[in-house]
Amino acid sequence: MFKKLGFRAIVGLSSLVLLLAACANETNETKPEVSPDLEKATETVNAKTPNVIKQHADLNEKPIPLEMERDGSDVYVKMTAQISDIEIDEGNVYKAWTFNGQAPGPLVVVNEGDTIHFTLENHDPAIPHSMDFHAVHTAPSKNFTDVAPNEEGTFSYQASNPGVFMYHCGTDPVLSHIANGMHGVIIVKPADGYPTDQEVDKEYVVIQNEWYKYNDLDDMTNGVPSHVVFSTKALHQGQPNTNGTVGAVIHSPLEAKEGDKVRIYVNNVGPNEVSSFHVIGTMFDDVYIDGNPANHYKGMQTIMLPASGGAVVEFTLKEAGDYKFVTHQFNHATKGAAGLIKVTK
């Protein structure tokens, strides 16, 4: 169905890695919501932003929908690696390294036991990219290998464990690729479901990520994030689908009715900071750490998520009103890691 990784991709790899080092001195998905002033804001982004790789300077590829097809238990997933401008705060445009023009990248949902046939098209003209799915067992040297510029590679592996997992580009330096925007979430739905499936009225996806000085590996390594943010990805038709930008899930809030039990698939893609996920005004009736039904906890107030860690959290909203959710590391909440659930009667 998809072309396999070509010999040219391997031949050019070593020189491309050197270039990177030098420059560092079933889906209901919709395109992520962006500011209507984004095009105007990007006019001066290159002049204001140091460390832009020369070949990236004039690139701003529009978001591309995820390609995903199912044939029994074989799931064919196709993504792009591309350079796309994302307005992470008002007037602050980041020339992000992305999957499909989104940061975090598009949501991938498969079933426990599915075999994933993953194809990466690298639209980046300057550097290689790759895909590391935390949801699979495979030899990284075989199936997480680099895809050279203007090439594509196809890799296959089984999703044998249920849960909420991070994915990210695994090309060296990995920190640069993740922090510049190449991260996302894959959900592997358990074969037998969760014990609480019949109780849940609404379910959503929430992702936390960080932003640093643009393509500055020293700041990404030794500094603190300038922004810590939430995004949401559409799990069902009609749900919002946002990038990780300040206020994204305030401006596009989650919705529920009074008395609803809400499930959130939450993941902290980091790359560096811990998340202390908390919904103000309620507590978690049921929690599945890393989204695995075997890791079932009850009556929790806050969930600690390490970088790349995930969970399924479920809670009941007993009264109508506005419910904020935050990381309870409030220095990070102040930098943007806050979202909203609007509950109506």
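Structure values in brief
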item: Contour minus Cα-Cα distance for LYS257 and THR196 (0.36 nm per residue); result: 20.1 nm
item: When the range 238-345 is reduced to its Cα atoms, the Kirkwood hydrodynamic radius in Å; result: 14.2
item: Assigned charges on the beta-carbon of Lys, Arg, Asp, Glu; the chain dipole about Cα centre (debye); result: 220
item: Sequence ranges 62-70, 138-146, ranked by mean other-Cβ count within 10 angstrom, highest first; result: 62-70, 138-146
item: Range of Cα positions in the range 52-191 per principal axis (Å), largest first; result: 44, 31, 25
item: Cut-off under 5 Å, modelled amide H: who pairs with GLY259 long-range; result: LEU317, LYS318, GLU319
item: Part-to-part distance (alpha-carbon centres) for the range 69-106 and the range 245-300, which is given in Å; result: 22
item: Alpha-carbon Rg with Dmax, taken over the range 164-204, Å; result: 15.5, 44
item: Residue pairs, from the table LYS202/LYS345; LYS257/LYS342; LYS298/LYS345; LYS233/LYS318, whose Cα atoms sit over 18 Å apart; result: LYS298/LYS345; LYS233/LYS318
item: Ascending count of other beta-carbon atoms within 10 Å, so fewest first, for GLU258, GLU273; result: GLU258, GLU273
item: Pairwise centroid distance, computed over Cα atoms, of the range 202-239 with the range 117-186, Å; result: 18
item: Normalised alpha carbon radius of gyration of the range 135-185 [divisor 2.2 N^0.38 Å]; result: 1.22
item: The range 124-234: C-alpha gyration tensor shape, a/c 1.5 cut-off, then a/b vs b/c; result: oblate
item: Sorted by Cβ density within 10 Å, fewest first, the residues VAL228, VAL312; result: VAL228, VAL312
item: Helix-only mean residue ellipticity at 222 nm for the chain, each DSSP H run of n ≥ 4 adding -39500 (n - 2.57), per residue, nearest 500; result: -3000 deg cm²/dmol
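We did not get these values from a lab; they are worked out from the coordinates using the rules stated. Computed from a prediction, not measured in an experiment: that's the story for all the values here. For neighbour counting, all protein chains shown are included, and Cβ atoms are generated from backbone atoms with ideal geometry for every residue, glycine included.
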